[in-house]
1. How much of the accessible area of the chain, in percent, comes from carbon and sulfur atoms when a 1.4 Å probe is used?
2. Computed from the coordinates I sent, mean projected area of the Cα convex hull in nm² equals one of [x] 13.8; [y] 18.6; [z] 20.2. Tell me the label.
3. Angle, helix 65-90 long axis vs. longest principal axis of the chain, Cα atoms, 0 to 90°, nearest 10?
4. Could you please put Tyr164, Tyr127 in sequence from largest to smallest accessible area, using a 1.4 Å probe?
5. Give me the 1.4 Å probe accessible area per residue for the range 191-244, excluding ligands and nucleic acids, in Å².
6. Suppose the Debye formula is applied to equal point scatterers at every Cα of the range 42-88; what is log10 I(q)/I(0) at q = 0.18, 0.22, 0.30, 0.32 Å⁻¹?
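The values are calculated or read from the model by the stated rules, or taken from the named source; none is laboratory data. None of the values given here were measured: they were computed from a predicted structure. Calculation scope for accessible area: heavy atoms of the full protein, side chains included, ligands and nucleic acids excluded. Shrake-Rupley method; radii C 1.70, N 1.55, O 1.52, S 1.80 Å.
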Amino acid sequence: MRPFAEENADRPTSRRERLRAELEQEALAAARRLIATQGMEALSLSAVAREVGVTPPALYRYFEGKAGLTLALYEAVTRDVVSAVAEAAGAIEAEDFAGRLYAATRAVLEWSVANPGEFDLLMGAGYARLVAAGRPVDQVLIRELGGLFGQTFTQLWRRGILAYPSEEELEPHLRSQVTAYGQLMQHDYPPGVAMVMITCWRQIYGLLCMAVYGHMASSFDDYLPLFENMMDDLLALCGVPRKR
């Protein structure tokens, strides 16, 4: 049996670690409530500290200021949306590539509309502020969310279903960009496959912004028909026409 002093020597550290983890989770939850109810403009270290009942300097030690808090929040929100998308895609039979891509993209749309504050952080003005602060963290979203979609694109490529441009067909600078984009997603496919993915994403992103921010709402009060039309086009582009 270990001596009492030795037995308890690591307890304060263990307890501190538990308390740190609990405070970090409470702070992130409070930060999400703030941006959900008041927008990104309301996010500050002092506001979050007030919500969790600690002083701003105490919270600063955990997150290294507002930039660190925002970065941690970005990563937590990314995990949340990726989890929602993975669950939606996972409910579809593995060989139904069109169904999985549709379900995953529909989940991104529904999550974005339901969480405009978090969407703003990942893909809107909140992200722009992260970049302005010297924190270009979009590789997190590309790796996690893009990588999730990339699993299906990898199957389409390996089975010869997906038509994609050759490297020679891509302008050299664009080729280097889509190559870097594909590498972030950590899938071993040609740059042309990544080009098809970014072609799809630039359309999806446009519709997400329209739906979240209400752009053109006077004409498109319901974005689902536009979404359905877009998905028909994108799935055809990917070689897996949607089954009605």
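1. 54 percent
2. Read-out taken from this structure: [y].
3. Computed tilt is about 50 degrees.
4. Ranked from most to least accessible, the order is Tyr164, Tyr127.
5. Accessible surface, normalised per residue, equals 52 Å².
6. -0.58, -0.72, -1.01, -1.09
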